[in-house]
1. Take the residues of the stretch 206-221 that are in contact with a helix residue (DSSP H, G or I) (Cβ under 6 Å, 6 or more places away or on another chain) and assigned to a helix (DSSP H, G or I): which is farthest from residue 150 (Cα to Cα)?
2. Going by the structure shown, is residue 155 assigned to a helix (DSSP H, G or I), open to solvent by 20 Å² or more (accessible area, probe 1.4 Å) and farther than 30 Å from residue 66 by Cα?
3. How many residues are closer than 14 Å to residue 202 by Cα and free of Cβ contacts under 8 Å to residues at least 40 places away in the same chain if we restrict to the stretch 112-137?
4. What residue, of 97, 64, 105, is touching a Gly at 6+ places or on another chain (Cβ under 9 Å), among the charged types (D, E, K, R) and modelled with pLDDT of 85 or more?
5. Which one of 175, 188, 145 is assigned to a helix (DSSP H, G or I) and surrounded by 14 or more Cβ atoms within 10 Å (Cβ to Cβ)?
6. Being over 30 Å from residue 134 (Cβ atoms), in the same structural domain as residue 169 (by the TED database) and either at pLDDT 90 or above or in a loop (DSSP other than H, G, I, E, B) (or both) is the requirement here; does residue 224 meet it?
7. Could you tell me whether the stretch 200-210 includes any residue that is touching a strand residue (DSSP E or B) at 6+ places or on another chain (Cβ under 7 Å), open to solvent by less than 70 Å² (accessible area, probe 1.4 Å), of a type in the set (S, T, N, Q) and in contact (Cβ under 8 Å) with a residue 60 or more places away in the chain?
8. Is it the case that the stretch 198-205 has a residue that's assigned to a strand (DSSP E or B) and either in the same structural domain as residue 161 (by the TED database) or out of contact with any His (no Cβ under 6 Å at 6 or more places or on another chain) (or both)?
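The values are calculated or read from the model by the stated rules, or taken from the named source; none is laboratory data. These numbers were taken from a predicted model, which means no experiment stands behind them. All Cβ positions, glycine included, derive from the backbone under ideal geometry; neighbour counts span all protein chains shown. All accessible areas refer to the heavy atoms of the entire protein, side chains included, with ligands and DNA or RNA removed. Shrake-Rupley method; radii C 1.70, N 1.55, O 1.52, S 1.80 Å.
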Amino acid sequence: MHDVSPAARALTDALLRGTGQSGAATAFGKACATAGDGLGACLDALDDVCRAVDGGAAPPALVRHAALGWGAALERLFPTLACADPVTGLGSVPHLRSEVAGLYRAAGDGLLADPDVAHSHVLLVLELPAVRGDVDDAFGGLEGALRRAAAAEALRTALPDCAPPAEVHPRRLVALGRRTDELSQHLAAAAAEVDRRLALSPSGGRCRTWTEALPADADAARLLLDELAR
């Protein structure tokens with residue numbers, strides 16, 4: 001784990017005093033995220049600090065505050081992360097895998113209001129048509145990137161509550177979203193906007209959209225993402 005000793009010391013002091021534990025746990029989570037530690041590593045370190053003080057793992061309230069602090073810090077850091085393509089703004093396959101795995105970890109740790117990930121979340125898929133075969137390779141690459149950028153913008157606009165989309169294949173975008181009654185309607189609106197923009201591009205065509213139900217466990221979800229990336 002990276003050096004978060006000041007935050008660990010502050011949390012230790014709060015536990016020994018018996019006051020200020022919530023704020024110290026939140027600061028501890030923020031320090032872990034800023035140092036680049038994943039949520040699992042952050043919560044493991046939280047348990048280590050608590051065991052050093054009273055011999056037991058962190059209680060649920062402290063786990064919640066640390067996780068919320070970690071998440072808040074990650075949201076602030078997200079715009080600076082280098083996982084996004086500089087042309088399209090799309091996230092990478094590893095970033096999407098990490099996002100999905102983190103959701104299952106949070107469910108397993110009791111941090112979600114609905115612990116049934118398969119019930120609460122879904123993968124949204126948008127597949128673009130191929131660039132015409134008679135287009136020059138250099139121009140075709142640029143056109144493909146511009147089409148992906150337009151699709152990413154349409155998804156972000158129509159589905160603001162979903163995670164930023166990732167490029168899992170040169171023509172396929174995937175985003176992790178929460179199931180809502182309006183989800184299908186919003187996805188259809190995104191597809192309509194993408195088709196409108198495709199009609200203005202040299203290769204034209206229409207996109208396909210669908211949803212993929214998340215499986216019950218993280219291992220199966222990883223296999224699903226691998227399949228979508230082919």
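1. Going through the qualifying residues, I end up with 218.
2. no
3. 4
4. 105
5. The unique qualifying residue is 145.
6. Yes: the conditions hold for residue 224.
7. The answer is yes, given that some residue of the stretch 200-210 is touching a strand residue (DSSP E or B) at 6+ places or on another chain (Cβ under 7 Å), open to solvent by less than 70 Å² (accessible area, probe 1.4 Å), of a type in the set (S, T, N, Q) and in contact (Cβ under 8 Å) with a residue 60 or more places away in the chain.
8. Looking through the stretch 198-205, none of the residues is assigned to a strand (DSSP E or B) and either in the same structural domain as residue 161 (by the TED database) or out of contact with any His (no Cβ under 6 Å at 6 or more places or on another chain) (or both).
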